[in-house]
Amino acid sequence: MVGIQLGAETEWEAEQSLNELEQLVSTAGGEVVAREMQHRDKPHMRTYIGSGKAEEIAQTVGAEHAQIVVFDADLSPSQQRNLEDIIHKVRIIDRTGIILDIFALHAHSAEGKLQVELAQLNYLLPRLRGMWAHLERQGVGGVGLRGPGETQLETDRRLMRKRIQHLTKELEEVKKNRYVQRKKRAKQGIYNVALIGYTNAGKSTLLNALTGSDVLVEDKLFATLDSTTRRLNVDHKKEIVISDTVGFIKKLPHQLIAAFRSTLDELRMADLLLHVVDASHPQMEAQIAAVEDVLKELEVDSKPQLLVFNKTDLISELDRMRLKKIYPDSVEASAAQGIGLEEIRQAIDENMRKGLIRMHLKVPYTRGDIIQRLYSLCLVVSETHTADGTEIVVDIPEASTEDYVQFAT
C-alpha cells in the first residue's frame, strides 16, 4: 500500500486514511505485506509519487513478492500506465479501483449488480489503452496499417460504450419504478426514515435492533450495499418505514455516487435522515464531514436530520458528555447492546409530528372507509361518536389535507 501525505494534511490524517485503505484491502480479500508513505506538496504529474519513489516501491515489491500495489489516491489513467512501466509485473490499483472491487463482491440484488457494473465500466473505459498497450506496439498505426491491439482496443471501447448506454437505460427504468413506489408510500401517509452514515458505523445493526429484522451485519467496510426497507413498530397506527442505504466513505468515487443515484434517491424522498455515527472512531468528526459532503453533492443536505451516536458503550463518560455538549439534539445509543433504542423511536416520533397539521373533522357514518383511511394515514388525537357522524381530531401530513377539507368543522 502506498499513502501520500499532501500539502497541509497532517501525518496522523494520512496514516488514518492508510489504515482505512488497509481495511478496504482486507475486505476485498487481500493481505498487506508492506506500507509506504510519502509527503508531497502536490502530486507528481506523470506518476503521482515521482519516478524515484516509484523505483523504490518496485524494489519493495520484488523483496516482498507482492502481486498488487494499491495507492491511497485516485490515479489518472496515464499515471497508472506510467507506474506500471516502472513497477513491472504487478497490478497498480488506486483507491477507487479497490472500492469498486468490494462493491462487485458485495452486490447481490439485480439493481446493485447493474449499478456496480456501470461504475466499473465508466472507470475502466479511459484505462483500456493501458490494458492493450502491449498489443498496440505491434502495429504502426495509420489507415490500413492499424495493429491488432488498436483494432481490439477500438472494438472494446465501442462495446463498452454500448453496454454503458444499455445499463444507464436499465437503471433509469429502475429509478422510475422506485419513484412510483415512493410516491405510493407518500400518498398512503407512510413516514419515511433513511439511515445514512459512514460505512461500518453500525447502520445495519441499528436497523435490526429497531425493527427486529435480520439484515447482514459484518465488521467490514461496505458489508451491505443493497437498499433495505423495514417497518418500525410504534405505539400509534401511523406507519413508519426505515430504509438502509449504502455506507459513505471519504473520497467516495464519483462513479459510485452516479451509479448508485437511484438507490441514494431514497434520501430525496425521505422525511427524515437518521445519521448514524461511530462514536468510538478516532476520526469521528472527519467521518461526519464526509457524509455531509455526499449529502451536499446529492442536494439533500437541507433535509431534517437526527444525529445518532452509536457504539457509545465503547467511549468514556467524559467523551459522552462532550458529545452532548457539542451536539445537544443528538441521541446516544449502542445498537449491539440495545441501548438508546427507545430514545431513537421517540426522537423519530417527535420529528414526524413536526410535519403534521391538526384537523377537526366530522365524517358521516356512511363513510367508514374515510375513518379507516385516517387511522392508517394520520395520528388520531381523539374520536367522538355523535348523532350525525364521527367527530375525529387528527394530525395529518400537509400533502394530504386537501383530500379531507370537505369533512372539516
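The values are calculated or read from the model by the stated rules, or taken from the named source; none is laboratory data. The structure presented is a predicted model; accordingly, all values stated were derived computationally and were not measured. Cβ sites come from the backbone with ideal geometry, for glycine too, and all protein chains shown count toward neighbours. Ligands, DNA and RNA are excluded from the accessible area calculation, which covers all protein heavy atoms including side chains. Shrake-Rupley method; radii C 1.70, N 1.55, O 1.52, S 1.80 Å.
Region 21-109: which trypsin sites (Lys or Arg not before Pro) are DSSP loop and have at most 14 other beta-carbon atoms within 10 angstrom?
Those that pass, being in a loop and sparsely packed, are 89.
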If each K or R counts +1 and each D or E counts -1, the residues other than residue 31 whose Cβ falls under 14 Å of its Cβ total -1
Which of 251/325; 183/362; 113/175; 203/324 exceed 24 Å between C-alpha atoms? The answer is 251/325; 183/362
Sequence ranges 163-169, 394-400, ranked by mean other-Cβ count within 10 angstrom, highest first: 394-400, 163-169
Carbon + sulfur, % of accessible area of the chain - ligands and nucleic acids excluded, 1.4 Å: 50
Which shape class, rounded, prolate or oblate, goes with region 1-82 when its Cα gyration tensor gives a ≥ b ≥ c as root eigenvalues, a/c under 1.5 marks rounded, and past that a/b bigger than b/c marks prolate? oblate
GluC sites (Glu not before Pro) in region 30-131 lying in a DSSP loop, each with at most 14 other Cβ atoms within 10 Å of its Cβ, come to 31
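Could you order peptides 242-249, 372-379 by the average number of other Cβ atoms within 10 Å of their residues, highest first?
Ranked by mean Cβ neighbours within 10 Å, highest first: 242-249, 372-379.
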Taking a cut-off of 18 Å between Cα atoms, list the lysines near residue 89, but don't count ones fewer than 8 places away on the same chain. 53
Out of the DSSP beta bridges found with both residues in the chain, what percent are antiparallel (nearest 5)? 45
The percentage of Cα-Cα pairs in the chain separated by more than 41 Å is 29
A student applying the Cα gyration tensor rule (rounded when a/c is under 1.5; otherwise prolate if a/b is larger than b/c, oblate if not) would label region 245-336 prolate
Ordering 269, 321 by how much accessible area each has at a 1.4 Å probe, largest first, what is the list? 321, 269
